[in-house]
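Asks: Take a look at the following structure, please.
The values are calculated or read from the model by the stated rules, or taken from the named source; none is laboratory data. Just so it is clear, the model here is predicted, and its values are computed rather than measured. Glycine gets a Cβ as well: all are built from the backbone with ideal geometry, and neighbour counts include every protein chain shown.
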Amino acid sequence: MVVKRLARSPLTWVLAVIIVVGLGIGLAYFQPWRLFTSTTVDEAAPTVSAPVSPGAPPAEPQVLARGALISHEHDTSGTVVVLRLPDGSRVLRLENLDTSDGPDLHVWLSDAPVLSGRDGWGVFDDGAYRDLGKLRGNKGNQNYPIPAEVDLIQLTSVSIWCDRFNVSFGAAVLQQA
């Protein structure tokens, strides 16, 4: 009898709709299934296809800086390498990246210091930073072009940054080669 009365009540239907909509919004925002998903990317390191002039040895990409990723909000490991290609362009390369999947992950160059533990989770958006693009996968090897105007003397760290929750999954200090 009580169940029948509740089912006929407009208030019950309004509350049910609010709960279903709230649950849908919560799932879309937090994306909890990402805790169980993984995307592996294996891009080749940038190379030069042919010598610039006949008889000249092939030019190789030059390592400008490198660093090792440390964990922040999520366990993260891998190496970051900044390469200058023979044409003068620069590429940030993530090698052997291993981190958690998450919503809205990006690769950032930043002027923030890399701090271990919780102290380092949220510092990367406090100063200057440059978003190099969405993280293509949470595992593997990936290349991100660095725009010519980016000053690597100023931006000395890299973060795998979750834009949705303003937190670093992991970061590395770039040591000049």
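Asks: Name the one entry in Arg164, Arg136 that is outside any strand (DSSP E or B), at pLDDT below 95 and surrounded by fewer than 19 Cβ atoms within 10 Å (Cβ to Cβ). Full working, then the answer.
Replies: Values: Arg136 fails: at pLDDT below 95.
Only one candidate passes the filter, namely Arg164.
Asks: Is it the case that Leu97 is touching a residue at least 40 places away in the same chain (Cβ under 8 Å) and of a type outside the set (Asp, Glu)? Don't jump to the end; show me each part of the working.
Replies: Numbers: touching a residue at least 40 places away in the same chain (Cβ under 8 Å): yes; of a type outside the set (Asp, Glu): yes.
Against the criterion (touching a residue at least 40 places away in the same chain (Cβ under 8 Å) and of a type outside the set (Asp, Glu)), Leu97 qualifies.
Asks: Within the range 61-83, can you find the residues that are farther than 23 Å from Ser38 by Cβ and buried (at least 18 other Cβ atoms within 10 Å of the Cβ)?
Replies: Pro61, Ala65, Arg66, Gly67, Val82, Leu83
Yes/no matrix, rows are residues, columns are (1) in a loop (DSSP other than H, G, I, E, B); (2) in contact (Cβ under 8 Å) with a residue 24 or more places away in the chain; (3) not hydroxyl-bearing (Ser, Thr, Tyr):
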{"residue": "Pro103", "(1), (2), (3)": "yes, yes, yes"}
{"residue": "Trp108", "(1), (2), (3)": "no, yes, yes"}
{"residue": "Asp125", "(1), (2), (3)": "yes, yes, yes"}
{"residue": "Ile153", "(1), (2), (3)": "yes, no, yes"}
